[in-house]
Structure formats: C-alpha cells, structure tokens
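The values are calculated or read from the model by the stated rules, or taken from the named source; none is laboratory data. Predicted, not measured: the structure shown is a model, and the values here were computed from it. Keep in mind that these areas ignore ligands, DNA and RNA; they rest on the heavy atoms of the full protein, side chains included. Shrake-Rupley method; radii C 1.70, N 1.55, O 1.52, S 1.80 Å.
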Amino acid sequence: MLLQTLAATNFLLGAYDAWLTQRRMKAFGKQFELNSLIKVLSTPLGPDLAAVIGVLGPCVGWTFIFTFFNLPWALALLVGFNAKRFEIQLQSRVYERSALKIQKMMKEFRAVNESTLHSGELTPHDGPENSREGE
C-alpha cells in the first residue's frame, strides 16, 4: 500500500511540474526553461509534448523502476525531491505573476502613450535638448 501511495504521489507531483513547465514556456518562451532536454524538444514538438516527455517521462520511468524492484525507500527519496521541487515551483509562480503584471503594465503604458501623442509632441524618450522650445 505504501509503495502505491508513493508512486501516485510522485506521478501527481510530476504531472503538476509538467503542466507548469508547459504553461511557463507558452508565457515566457523556451529560453526561460532551464532543462536543456525540454529546450531541444520544444522546437520540433512544441511546449506541450516537450514538457510531457522531458518532465513526466523521467518521473514515470523512475517510479516504474523503483516500484518494480520494490524499493520504497528510493521512491520515498524521489517523492521528497519532487516535493521540494514543488515548493520551489510555487515560489516561482509568485515571481511569474509579478513579471506578467509588469509586462501587462508596460504594454498598457505604451498603448496609452502611442494613442494619445500627436505628431510633433514630445515622447518620454525626448529630453529638453531635443525640443524646439529652447531655440
């Protein structure tokens, strides 16, 4: 019973990690991913399949091996490792939300400035040295 619980827990942690990796790659691009296998696979296969193969594949493989050979202590170590990675992923989500808010605010700021400026008006990038008032 313990072995099946550990295997299910490990699979669920891996599935969450794969889902989050796929979302992160769609939001920020493949350069944001640290796993080189996923970066390589994302170009020909896309972020969805790359995340499943690169994250869930090894997770399922190691879970199967440890379950097949009846190694609950090894599976428990793997679950502990994935639980810590889960905690780091949650902390990373906070950072990502902040980054997405900043990106959204920058886009809105640019859109407002571009729509309200008329030709000949100063932009925030123009300094007083570029204005014609000093002539």
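When only Cα pairs below 8 angstrom with a gap of at least 6 residues are kept, the chain shows a relative contact order of 25 percent.
Rounded to the nearest 10 degrees, the inclination of helix 2-28 to the longest alpha-carbon principal axis of the chain is 20 degrees. Secondary-structure-derived ellipticity at 222 nm for the chain, considering helices only, amounts to -26500 deg cm²/dmol, per-run term -39500 (n - 2.57) for DSSP H runs with n ≥ 4. Name the residue, out of LYS107, LYS39, LYS26, whose mean-square fluctuation peaks in a Gaussian network model built on the chain with Cα pairs under 10 Å. Of LYS107, LYS39, LYS26, the Gaussian network model singles out LYS107 as fluctuating most. When the chain is treated as a Gaussian network with alpha carbon springs shorter than 10 Å, the biggest mean-square fluctuation among PHE66, PHE109, PHE86 belongs to PHE109. Relative to the longest principal axis of the chain, what angle (0 to 90°, nearest 10) does the C-alpha long axis of helix 72-116 take? The angle comes out near 10 degrees.
Largest first, the residues VAL60, VAL40 sort by 1.4 Å accessible area into VAL40, VAL60.
For the chain, taking the reciprocal of the average inverse distance between every pair of different Cα atoms yields a Kirkwood hydrodynamic radius of 18.3 Å.
Compared with the dominant Cα axis of the chain, that is its longest principal axis, helix 57-68 is turned about 20°.
Rounded to the nearest 10 Å², what accessible area does TRP19 show when all protein chains are kept and the probe is 1.4 Å? We get 110 Å² for TRP19.
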